[in-house]
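First comes the structure, then the notes that go with it.
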Amino acid sequence: MVEPHAVRHICLTETPEAAAKLFEQQGLNAYRLEQLLLSTAAAGERRRSEAVELLDAWGRSTRTELYVPPTLDGHPLGLIVALHGAGGSGAEMEPYMQPLADACGAVLLCPTAHQPIGGSNNFDLAGLFGSRFNEARWTTDPGDFPVRAFRWARENLAIDVDHCALVGASMGGIATWGIASRRWDSLAMAASINGAPSIWEMFGPDQTMRELLPNLVNLPFTVVHGSRDQQIAPILDTEAVTQLRRMGHQRISLVEVPDGEHKLSTMQIDPGNPQFDKIVHYFRSARRTPWPLRVRHHARESENGRAHWVEIKDIIPGQTATVEGRVVDRKHLDVRTSGCSRICVFLSDRLIDPGRVLVTVNDAPREILFRPSMVDAITTYVHAEADPGRMAHMVVEVEMPEIRE
């Protein structure tokens, strides 16, 4: 019998072609492979607290605190990735987050930030910490430690991949807004403590933030802010929550802590307090739906262009691209997009039946022969940061017609 951890290892270390050959020799098809990658049958993770090494996309390592709580009611464990504030570390963040992990029934990973690759000028923190802020910080790049932490957990632990959350404080709260607005489809919920969608809103409109904010309508979100925070103005969170509610967001909460200052130690993230209980409630009641019948997504960067089964590619510089996909029926997908020259559509039997299907893009119909491919399944699993919930059985690329003036 093939074990899930062995299947993950083969997918992530062999070429897709070599892995497909191995699996086919063992009698596996693409559907059975997906079931094994989603399996939590080996979920008997022992309770423990230890440090692990986490690698980013550039091969740098960081110390990451791992805490595994006891299971709740025998259910598979979820996952919380918690991001510390400026000048902090994962080791300092872990004690504040452990009670949340216990109450949520979730593995806790607390990485420690590094300085960004490529000499980033840290514009998103300049208004808070000064234009010469050159310390370690989080970025929204999928190669940075926050996204890699989710990948590490999916590779190494038998977690419920549809029950994952991002939680951050201060600088980590800013990163939570930024990452969640770009990669919302990989999360069940998110929570920001004394953060903000954008510090630049203190000085004027942040167009990027405002154009990506609608993505969060899809994601349960808990916002916690101390009323005495003098470092990040609570109004930045309040205004963003108000905007999202106007957009129709019904699963967003704002909890103001009357005596809360900027330091996490003043925020009373403890059982019995509203700020704690609301995060736990949102986590325990939220689950990702990996193959929804309708998807809407905005993107500024191609590396964050995918949402569930549609992906924006080759975004026109300076524009925010949009895509909306809907399942007409089990033989027909309809996609509308703007601001890009190419898209990808990911097909799965959880979305559409194999055989001849119709994929309509911007009113142009294309007949596709959907043949599930083991190689495509493995390739998309790897490219999706080892997330079997984003694994497809076939990928269709569509070029957009050239726009003439």
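If you average the alpha carbon positions of the stretch 172-195 and of the stretch 257-325, how far apart do those two centres end up, in angstrom? For the stretch 172-195 versus the stretch 257-325, the Cα centre distance is 5 Å.
Split the accessible area of the stretch 231-353 by element, probe 1.4 Å, and carbon with sulfur accounts for 46%. Restricting the calculation to Cα atoms, every distinct pair contributes to the Kirkwood radius of the stretch 250-323, found to be 15.8 Å. Taking Cα centre as origin and charging only the Cβ of basic (Lys, Arg, +1) and acidic (Asp, Glu, -1) residues, the dipole magnitude of the stretch 199-291 rounds to 520 debye.
Under the rule of -39500 (n - 2.57) per DSSP H run of 4 or more residues, summed and divided by the residues of the chain, what mean residue ellipticity at 222 nm is obtained, to the nearest 500 deg cm²/dmol?
Numbers: 11 runs with 114 residues, N = 405.
Calculated from helices alone, the mean residue ellipticity at 222 nm is -8500 deg cm²/dmol.
Here the accessible area is traced with a 1.4 Å probe on the protein chains. For the stretch 140-222, carbon and sulfur cover 48 percent of it. The alpha carbons of the stretch 156-198 give a radius of gyration and a Dmax of 11.0, 35 Å, in that order.
Work out the P(r) tail for the stretch 183-232: percent of alpha carbon pairs separated by more than 15 Å, whole number. Spell out each step's value before the answer.
Values: 684 of 1225 pairs.
When all Cα pairs of the stretch 183-232 are counted, 56 percent exceed 15 Å.
Only the Cβ atoms of Lys and Arg (+1) and of Asp and Glu (-1) were treated as charged; on that basis the dipole of the stretch 142-238 about its Cα centre amounts to roughly 120 debye.
Distance distribution P(r), the stretch 250-405, all Cα-Cα pairs, bin width 10 angstrom from 0: 10, 31, 26, 17, 12, 4, 0 percent.
Which net charge results when you count Lys and Arg as +1 and Asp and Glu as -1 among the other residues whose beta-carbon is under 14 Å from that of Ser265? Intermediate results must be reported in sequence, preceding the final value.
On the way: positive: Arg228, Lys263; negative: Glu92, Glu94, Asp229, Asp259, Glu261, Asp270.
Here the charged neighbours net out to -4.
With q set to 0.19, 0.23, 0.27, 0.28 Å⁻¹, the log10 of I(q)/I(0) for the stretch 242-292, from the Debye formula over equal scatterers at the Cα positions, is -0.81, -0.97, -1.06, -1.08. A 1.4 Å probe run over the chain, with the rest of the protein chains in place, finds 43 Å² accessible per residue. Calculation over all alpha carbon pairs of the chain in 10 angstrom steps from 0 returns a P(r) of 5, 22, 32, 26, 12, 3, 0 percent.
The values are calculated or read from the model by the stated rules, or taken from the named source; none is laboratory data. Only a predicted model underlies this, so the values are computations on that prediction, with no experimental measurement involved. With ideal geometry, Cβ positions are generated from the backbone for all residues, glycine too; neighbour counts draw on all protein chains shown. With ligands, DNA and RNA removed, areas are computed over all heavy atoms of the protein, side chains included. Shrake-Rupley method; radii C 1.70, N 1.55, O 1.52, S 1.80 Å.
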